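Reviewing the structure listed below.
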There are 2 protein chains.
Amino acid sequence: MRTIKLVLEYDGTAYAGWQIQPHDPTVQGVLKNAVELVMNHPIILNGASRTDAGVHAHCQVAAFQTSSERPIPDIMKGLNAMLPADIRICHAEEVHPGFHPRAEAIAKTYRYALFSGRKLPVFQHPYCTRIRGRINLEKMEKGAQYFLGTHDFSSFRSAHCSARTTIRKISESHFNKLQNDHLEYIISGNRFLHNMVRIIVGTLIWIGQGKMMAEDLPALFEKKDRRFAGPTAPAKGLFLENIRLKEDEKW
Amino acid sequence: MRTIKLVLEYDGTAYAGWQIQPHDPTVQGVLKNAVELVMNHPIILNGASRTDAGVHAHCQVAAFQTSSERPIPDIMKGLNAMLPADIRICHAEEVHPGFHPRAEAIAKTYRYALFSGRKLPVFQHPYCTRIRGRINLEKMEKGAQYFLGTHDFSSFRSAHCSARTTIRKISESHFNKLQNDHLEYIISGNRFLHNMVRIIVGTLIWIGQGKMMAEDLPALFEKKDRRFAGPTAPAKGLFLENIRLKEDEKW
């Protein structure tokens, strides 16, 4: 049996998230069907990150096993011919047996695209969240710093989160100011809780709008209660930007 | 009564075109509702171009009449607060009584976004059409030249086109090669028949793929028969790019 690793990007707008659902189209479901058509046998498709409905990915990692001898370029070409235009395979390769994307992922980076101007260009609306009113980016940047390090993120997970532990280590958390009132928030960590990035972004927007102080964040961590954090920012601004795998460590 | 002119941009993905339909959401329908809510009275909303389902606009022109004294910046702010993120008002002004966008439009420019590479970035898929296989851009550019001037465009209109005359004058028709396998086709003319730009693009793609010769185009004009032209290119690549109004002539 060969284990094939896929790196893919997708526009999450049309999907009920990564994970297969009984009735709604999902990225995992569409990709699994495409792989089964191309490989001509049933497969189990694992992914590194269960992105939510409407969340985009620049580099999701998935893997499946096959007994087929089909060369990698053929598999990739076949998949891209079969997949809809909003899901593309960027890279495929054979990996060691037992490769499981989630177990191999040692760090993930998310990007959240924001717009602080009056008029968000219509062609960016599916990929960016507009912040209403004036914001203080300096305060938001100050707030972002508080997320660095190891914390209990109980205040920053959805009610549906079923993770047993809530301690997470954040290695990167900052804003980049881009052109024309665009900005992005970058966060990297070992693992993330359900809705964690979106709740962090919602809280940082509150801080930017003056509804909360950056200095309130340590107390918010202490509270371990979702109800005291900011709102969950919309899915459409969120991108799974990078996944660092164990094998990359070799480099 | 004041006549208010609006310049708007929209992402056509979610709409059944410009023109109001009984059951499906349309740009005219959504905008009319927003104007009526902001102005607080019923209006008639006219547009310069009846874009098809899925076609985008960078500068549609619309107009309505009102007895309200409300200042223009208030109207614009109110509309943008009310409208969904895929429709934005870029400009509003009071114009002379009797201004009708369609009658005032003396020229329109459309842009068609194409991609000739293997992998169209997923975040561009709603705004660009991928051409399969290899193309010869030189032949397409040669084909584009044949559309310049005054022609009978009977071969380049949909079966649903109800225009009485089919003679149209084209003042601009060319390709621009952009970065990373992107290209665009630009066409300007006085008026356009139903699906005319998309059938021209479909025909130029045929020429690029070697399914037809640029030199076949004069005979295709002569045939006056839609069945001999190329396929109708998808709506998602088409943008209403500019509308020149009579009043702009002053400049």
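The values are calculated or read from the model by the stated rules, or taken from the named source; none is laboratory data. Here the structure is a predicted model, which is why all the values come from computation and not from measurement. We place every Cβ from the backbone using ideal geometry, glycine too, and count neighbours over all the protein chains shown. When the accessible area is computed, the model is the full protein with side chains, heavy atoms only, and any ligands, DNA or RNA have been set aside. Shrake-Rupley method; radii C 1.70, N 1.55, O 1.52, S 1.80 Å.
Is it true that some residue in segment B:24-44 is out of contact with any helix residue (DSSP H, G or I) (no Cβ under 7 Å at 6 or more places or on another chain), under 30 Å from A:T13 (Cα atoms), open to solvent by 10 Å² or more (accessible area, probe 1.4 Å) and assigned to a loop (DSSP other than H, G, I, E, B)? Yes: one or more hits. With respect to the conditions (1) open to solvent by less than 60 Å² (accessible area, probe 1.4 Å); (2) in a loop (DSSP other than H, G, I, E, B), A:H194 falls short on a single one, namely (1). For A:L204, the test of being part of a helix (DSSP H, G or I) and either open to solvent by 50 Å² or more (accessible area, probe 1.4 Å) or over 23 Å from A:A53 (Cβ atoms) (or both) is failed.
For segment A:48-84, taking the residues that are among the aliphatic types (A, V, I, L, M) and over 21 Å from the mean Cα position of the chain (by Cα), the one that is nearest to A:R2 (Cα to Cα) is identified as A:I72. The condition of being open to solvent by 80 Å² or more (accessible area, probe 1.4 Å), of a type in the set (D, E, K, R) and either in contact with a strand residue (DSSP E or B) (Cβ under 7 Å, 6 or more places away or on another chain) or within 30 Å of A:E104 (Cβ to Cβ) (or both) holds for only one of A:K246, A:K236, A:K223, A:K211, that being A:K246. On inspection, B:F175 fails the criterion of being over 25 Å from B:Y10 (Cα atoms) and not in a helix (DSSP H, G or I).
Of all residues in segment B:121-142, those satisfying the criterion of being open to solvent by less than 30 Å² (accessible area, probe 1.4 Å) and touching a residue at least 60 places away in the same chain (Cβ under 8 Å) are B:P126, B:Y127, B:C128, B:T129, B:I131, B:M140. Does B:A63 meet the test of being touching a His at 6+ places or on another chain (Cβ under 9 Å), open to solvent by less than 10 Å² (accessible area, probe 1.4 Å), of a type outside the set (V, I, T) and not in a loop (DSSP other than H, G, I, E, B)? Here the answer is yes, as B:A63 does meet what is asked. Number of residues in segment A:83-106 that are open to solvent by less than 20 Å² (accessible area, probe 1.4 Å) and of a type in the set (A, V, I, L, M, F, W, C) equals 7.
Conditions (1) in contact with a Lys or Arg (Cβ under 6 Å, 6 or more places away or on another chain); (2) among the charged types (D, E, K, R); (3) in the same structural domain as B:R191 (by TED's automatic domain parsing), marked per residue:
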| residue | (1), (2), (3) |
| --- | --- |
| B:L6 | no, no, no |
| B:D11 | no, yes, no |
| B:W18 | yes, no, no |
| B:T26 | no, no, no |
| B:N33 | no, no, no |
| B:N40 | no, no, no |
| B:A48 | yes, no, no |
| B:D52 | no, yes, no |
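Filtering segment B:125-145 to residues that are small (G, A, S) and under 30 Å from A:T13 (Cβ atoms) leaves only B:G133.
Listed by first and then second residue, the pairs with beta-carbon distance under 6 Å, at least 6 apart or on different chains, first residue in segment B:95-113 and on the phi > 0 side of the Ramachandran plot and in the same structural domain as B:G202 (by TED's automatic domain parsing), second open to solvent by less than 60 Å² (accessible area, probe 1.4 Å) and of a type outside the set (V, I, T), form an empty list. Residues that are outside any loop (DSSP other than H, G, I, E, B) and either surrounded by fewer than 18 Cβ atoms within 10 Å (Cβ to Cβ) or small (G, A, S) (or both) within segment B:143-165 comprise B:G143, B:A144, B:Q145, B:G149, B:T150, B:D152, B:S154, B:S155, listed in sequence order. Looking across A:L178, A:L245, A:L238, A:L217, one residue alone is without any contact (Cβ under 8 Å) to a residue 60 or more places away in the chain and not β-branched (V, I, T). It is A:L178. Could you count how many residues in segment B:77-116 are among the small types (G, A, S), within 12 Å of chain A (Cβ to nearest Cβ) and part of a loop (DSSP other than H, G, I, E, B)? Counting residues in segment B:77-116 that are among the small types (G, A, S), within 12 Å of chain A (Cβ to nearest Cβ) and part of a loop (DSSP other than H, G, I, E, B) gives 1.
Only a single item in (1) more than 30 Å from B:M82 (Cβ to Cβ); (2) in a loop (DSSP other than H, G, I, E, B); (3) in contact with a strand residue (DSSP E or B) (Cβ under 8 Å, 6 or more places away or on another chain); (4) not acidic (D, E) is not met by A:K119, and it is number (1). On inspection, B:I199 qualifies as among the β-branched types (V, I, T), at pLDDT 95 or above, open to solvent by less than 60 Å² (accessible area, probe 1.4 Å) and not in a strand (DSSP E or B).
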